[in-house]
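This report concerns only the one structure given below.
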Number of protein chains: 2
Amino acid sequence: MLTPIQRDRLDVVLVSPRNPLNIGAVARAMANFGFEHLSVVGAYEPHWREARSAVGAPELLAGAREYATVAEAVANCTFVLGTGTLTYRKPDQPVIPLPALAPVVERELTRGGRAAILFGSEKRGLSRDDLSYCHALIEIPTDPRQPSMNLGQAAAVCLYEIASGSSRAAAEAAPTHAAVDSGTLDRLAKLIEQAMTAAHYSPASMREANRHDLRVLLRRLNLAPLDSRRVFGLFRRILHRLTENKRT
Amino acid sequence: MLTPIQRDRLDVVLVSPRNPLNIGAVARAMANFGFEHLSVVGAYEPHWREARSAVGAPELLAGAREYATVAEAVANCTFVLGTGTLTYRKPDQPVIPLPALAPVVERELTRGGRAAILFGSEKRGLSRDDLSYCHALIEIPTDPRQPSMNLGQAAAVCLYEIASGSSRAAAEAAPTHAAVDSGTLDRLAKLIEQAMTAAHYSPASMREANRHDLRVLLRRLNLAPLDSRRVFGLFRRILHRLTENKRT
């Protein structure tokens, strides 16, 4: 996970964006993943104004910087990344698959660098000239039949990866709850067995095998303490009814 | 990286989506990452029609299935994942951070299961009732100051992670068993409820709450098919005895 100081050293740069909704979506993804610095190159004024004044526009849009050229926008950056479909061109720069990007960016930010990610216009993407300012290109692993992503979604995916990708190795798969101890499971198994017997669930000859299976099953279920109390309550009730009815 | 066959066993389920642009964006993200199966629950007809007929709408929108309830939409799924902001509620289910999700989903698909990811409406997200059909919840690691993501972007981030995340770290070889589908769990829940009623386990006023808790519990238990058949057998027997005795 990137620290706030590291996030503060990453710029998102939109080159000639058109659709105000997309500009807003990029800003929202930035806010979602904790990035604040948006730059816009060659903004089309009416659309840019509309995006900034939209209801619910993230605050960072108001603080966005405007530039005339990519060169100016990335002048203080040490590591510039380009995005876009790579299907039809042979890139001049090294290509980094997005799933491998986070450690690369983190290394750069950790050593005090400043990174930028460039997104081109919805229609044409980044030009060859824009790309010439990039140290590397990001390849989002999309389906070859539908490689081209929506701008807001592409930004979301890239920022998600950079923000959280490096925490992945450390992330634990399954969060766990407090466990039920073995003695409790044994008491539960006994109660269920009594209910089975009262319900004539299986012949006595099967009892040993059922007991074994039940013990294994109860352990595999990984019951939380509350689950275990409920199952106790239900089977006590069932047992009570079964034996009570028998007595009448 | 998921194989085409694995991708074919994942459903994206939109519950009460409103904005046609968002529906289109979800479909586009699915096409980008190679997923084809979209289901919609409780679609608002005019918006749904608009989304499907939009210029450039991904083909998979035309093949989307419509359902009246979440239960029907996920009936043949073995692993159902919920999404949404967790800030304001304490979840009943285990929470999986998105960066740790891919190996979990891949394991499920590898053992022949069918997975679903549920996205709620833009305004309200998933209801508590919707969530009770989920085995686990996905937590997207967003900034606490701006936790709520746009629907199309949330879908893009989740599908990106599932499609490519597992290529990052080799999935663990945890011993697993085949899974039980959601419709079977619903039938099992109904049977257990009948036994509860026959045993006078709880007052009628608690029935709704118990039903909810039971649904959540059955999903958490991760029953193997054999377990499920046994529990069916036991509760059928219990129910039979309880009602038979009552008749005498």
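Every read-out reported here was derived from the displayed coordinates using simple, explicitly stated rules and does not represent laboratory data. All of these numbers come straight from a predicted model, not from anything done at the bench. Glycine gets a Cβ as well: all are built from the backbone with ideal geometry, and neighbour counts include every protein chain shown.
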| request: Enumerate the amide H contacts of B:Phe33 below 5 Å, restricted to partners 5 or more residues apart or on another chain; note that Pro and chain-start residues carry no placed amide H. | output: A:Asp143
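Can you give the calculated 222 nm mean residue ellipticity of chain B, where each DSSP H run of n ≥ 4 adds -39,500 (n - 2.57) and the sum is split over every residue, rounded to the nearest 500 deg cm²/dmol? Can you show the working numbers first?
Working: 10 runs with 112 residues, N = 248.
Counting only the DSSP helices, I get -13500 deg cm²/dmol.
For the stretch A:182-247, calculate the relative contact order in percent as a whole number, restricting contacts to Cα pairs under 8 Å that are 6 or more residues apart.
Working: 26 pairs, mean separation 36.3, N = 66.
The value is 55 percent.
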| request: Could you check what % of the DSSP bridge pairs in the protein assembly as shown are antiparallel, to the nearest 5? | output: 5 percent
| query | If amide H atoms are built 1.01 Å from N in the plane of the peptide, which residues on other chains or at least 5 residues away come under 5 Å of the amide H of A:Tyr67? | reply | A:Val40, A:Val41, A:Gly42, A:Ala43
| field | Other-copy label distances relative to B:Glu244, 7 angstrom Cα-Cβ extension, nm | value | 2.0
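Calculate, in nm to one decimal, what A:Met206 and A:Arg236 gain on full extension: separation in residues at 0.36 nm each, minus their alpha carbon distance.
8.6 nm
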| remark: Simple spin-label estimate for A:Glu72/B:Arg128, 7 Å along Cα→Cβ, in nm, reads 5.6 nm
| What length, rounded to one decimal in nm, is gained on full extension from A:Arg107 through to A:Glu50, with 0.36 nm per residue of separation minus their alpha-carbon distance? | 16.8 nm
| said: Quick query: amide H of A:Ala136 versus all other amide H atoms, modeled in the peptide plane; which residues come in under 5 Å with a sequence gap of 5 or more or a different chain? | reply: A:Val80, A:Gly82
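Order B:190-196, B:54-60 from most to least packed using the mean count of other Cβ atoms within 10 Å.
Working: B:190-196: 19.3, B:54-60: 13.3.
With the highest mean Cβ count within 10 Å placed first, the list reads B:190-196, B:54-60.
Of all DSSP beta bridges located in the stretch A:4-167, what percent are antiparallel, nearest 5?
5 percent
Grab the Cα-Cα distance for A:Thr197 and A:Arg215, subtract it from 0.36 nm times how many residues apart they are, and report the gain in nm with one decimal.
On the way: separation 18, 0.36 × 18 = 6.48 nm, distance 1.60 nm.
Contour length minus the Cα-Cα distance gives 4.9 nm.
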| When the Karplus curve 6.51 cos²θ - 1.76 cosθ + 1.60 is applied with θ = phi - 60°, which whole-Hz ³J(HN,Hα) does each residue of the stretch A:105-114 get, with x for Gly and Pro? | 5, 4, 4, 4, 6, 5, 8, x, x, 10
